[in-house]
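Some notes on the structure that comes next.
The values are calculated or read from the model by the stated rules, or taken from the named source; none is laboratory data. Computed from a predicted model, the values in this text were never measured in an experiment. Backbone-built Cβ (ideal geometry, glycine too); neighbour counts: all protein chains shown. Accessible surface areas use protein heavy atoms only, side chains included; no ligands, DNA or RNA. Shrake-Rupley method; radii C 1.70, N 1.55, O 1.52, S 1.80 Å.
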Amino acid sequence: MMFTRRRAVIAAAVATGWRGASAAAMPAIAFPRDHGAHPETRTEWWYATGWLGSAQAPTHGVQVTYFRSRTGYGAGQASRFAPRQLLFAHAALTDLGARSHRHDQRIARWSGDPAAVLASAALDRGDVHIGRWSLVDEGAGWHARIAAADFALDLQLRRSQPPLLQGDAGISRKGPDARQISHYYSEVQLELSAGEAGGRGRAWLDHEWSDEFLAPDARGWDWAGINLFDGSALTVFVLRRADGSALWAGGSWRRAGAAVRAFGPDELRLTPLRRWRSPRSGARYPVQWRVQTPAGEFELRTLLDDQELDSRASTGTIYWEGLSELVGADGRRVGLGYLELTGYAGRLRV
């Protein structure tokens, strides 16, 4: 049994100090096993985003995210109802024609039993659900179904490239302390087709899990995952202190069919160029950026300013996450993807 063997490996790693340990103590990523949940770790998420329409005239942006958080309760109880884990889900639909952004959220307790009916996550394959919301790895790709309050999503995300292992073979550094690391991979250039929103486009999926990867003085992060029209993929992220200065930075670049080029913390610079103030939270989000990387210099611009998500009823935070364009030095659009901004409406706690 693959997930039984994985648990044995993880248990041995924990016994020898994996929690808070160096990357050398963490087991290597393996598929399809690691598309599944890792309830032994403190936090985890599956994060799918995409755009529909043509490259030059996208019509919609879509976002589906599942979070898992270990509560620390019920560890010594045999009950299948013990709240050992919490599962959260966020979904959003951006309609560029209507200039609208709709979102919804779900939360459920989970005992950790993968056979639970109302909400659960499989351990040996990608399959997480809360009620009528689900994200499932079907072999050729992922299938997301969302029945939100005022919209529905039925998204097929078909693989066209192998997984992109972020950082050092999937071990991603998230701070100045060597213990601030996570397992992190991306599935890029996914071929996207949709139900209600209609049309086809491209998608991106991130899966990340860790025990501890945010430094104590980190307030939030700025992150972007962009599918370029030439088949390349660009990831950038910066963890910020309360004063806005960069605590840590990283990312990657991969051309289609080529090896990953990981960015060190001194090789990446994100400079805000324009900010938008939310009329609801009052937070001021930088929605236009200069992005300087070893792969080149770009501008990153939102396609709709108001893509703020109020998730206080689930994860307890307000953040910005939205469809954006990547523009080259000649002023032409070279890619589309999602920008995520956290910690502007209050410190993010993970």
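Some points to look at:
- For segment 302-350, the gyration tensor built on C-alpha atoms gives a prolate shape. Its axis ratio a/c (a ≥ b ≥ c) is at least 1.5, and a/b is the larger of a/b and b/c.
- Relative contact order of the chain, defined on C-alpha pairs under 8 angstrom at six or more residues apart (%): 14
- For segment 274-342, the Rg and Dmax computed from alpha carbons only, in angstrom: 13.4, 43
- The alpha carbons of segment 51-143 occupy a box of 55, 29, 19 Å along the principal axes, longest dimension given first.
- Accessible surface, the chain, averaged per residue in Å² (probe 1.4 Å): 41
- According to the Cα-based calculation, Rg over Rh for segment 103-186 is 1.04, with Rh computed by the Kirkwood formula.
- Long-range Cα-Cα pairs in segment 150-203 (distance over 18 Å), rounded percent: 52
- Using every pair of separate Cα atoms, the Kirkwood estimate puts the hydrodynamic radius of segment 211-350 at 15.5 angstrom.
- Coarse-grained scattering of the chain at q = 0.09, 0.14 Å⁻¹, given as base-10 log I(q)/I(0) from a Debye sum over alpha-carbon atoms: -0.45, -1.20
- Relative packing of peptides 307-315, 142-150 - highest average C-beta neighbours within 10 Å first: 307-315, 142-150
- Only protein atoms count toward the accessible area here, which uses a 1.4 Å probe; on segment 255-311, the carbon and sulfur part of that area reaches 42 percent.
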